[in-house]
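Working notes for the structure below.
The values are calculated or read from the model by the stated rules, or taken from the named source; none is laboratory data. Keep in mind the model is a prediction, meaning the values are calculated, not measured. Cβ coordinates were reconstructed from backbone atoms using ideal geometry, including for glycine residues, and neighbour counts include every protein chain displayed. Calculation scope for accessible area: heavy atoms of the full protein, side chains included, ligands and nucleic acids excluded. Shrake-Rupley method; radii C 1.70, N 1.55, O 1.52, S 1.80 Å.
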Amino acid sequence: MKSWYGEVLETVDDAENFFERELRRMHKVELEEVPKVVFCAFDVIEGVKHEFEPEKYLYKPGAIPAGAQALTLDIMTDDHREDAVYIGEPGPEVSRDRWAGRVVSVLARLLPECVEVGLLEDVRELEGVRVRIGKFTLLNYVTGAALALSGAEVELEVQ
């Protein structure tokens, strides 16, 4: 939220007001606004879900590999790449120290963490980020579009 809108939401009321003001017009956004709307909606989701969701659905900080030069993401893939941060239901092949969480909204926490450790300069500029999306869901499709429009290289896992 801060990077895209210059705002910090502190309460559920703040999130509701933001939703009323910005996200209700989502069907009217220009193509280049898609990442802004998607990632800010994820930020709102992540900001309030700790009040409503079990801990197993929360972001798992520290999933960025030490010494990584670029961010590689696997989102709900069947064939997890060893150097990738994984988002989805973790199978036994997914290292717990490379797992960011079960749902794609955790990107709202992961991307700023990547900025903090110097892996990204800005959450809005994702040049050099490689993403592979496995399971096709509407939310994964929108996420892939937002990532690609932000400059990430997005591919679908062959299934």
Inset, instruction - List, in order, the whole-Hz ³J(HN,Hα) value for each residue of the stretch 12-22 obtained from phi through the Karplus relation with A = 6.51, B = -1.76, C = 1.60 and θ = phi - 60°; use x for Gly and Pro. - result: 4, 4, 4, 5, 4, 5, 4, 4, 4, 7, 10
Legend entry - Helix 34-49 vs. the chain, principal-axis angle (Cα, 0 to 90°, nearest 10): 90 degrees
Legend entry - Considering only the chain, percent of DSSP beta bridges that pair antiparallel, nearest 5: 5 percent
Inset, instruction - Provide the gained length on full extension for the span residue 97 to residue 56, in nm with one decimal, where the gain is 0.36 nm per separating residue minus the Cα-Cα distance. - result: 13.3 nm
Legend entry - Calculated on alpha-carbon atoms, Rg and Dmax of the stretch 21-119 in Å: 14.5, 42
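Helix-only mean residue ellipticity at 222 nm, the chain, DSSP H runs n ≥ 4 weighted -39,500 (n - 2.57), per residue, nearest 500. What is it?
-9500 deg cm²/dmol
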Legend entry - Rg to Rh, two decimals, where the stretch 84-145 supplies the alpha carbon set and Rh follows Kirkwood: 0.95
Legend entry - Listed residue (11, 65, 94) projecting farthest to the positive dipole end of the stretch 1-122, Cβ model: 94
Legend entry - Candidate lysines for bridging to residue 135, where Cα separation is under 28 Å - those fewer than 8 sequence places away on the same chain excluded: 28, 36, 49, 56, 60
Legend entry - With every protein chain in place, the stretch 1-127: carbon and sulfur % of accessible area (1.4 Å): 48 percent
Legend entry - For the chain, accessible area per residue (1.4 Å probe, heavy atoms of protein chains only), Å²: 57 Å²
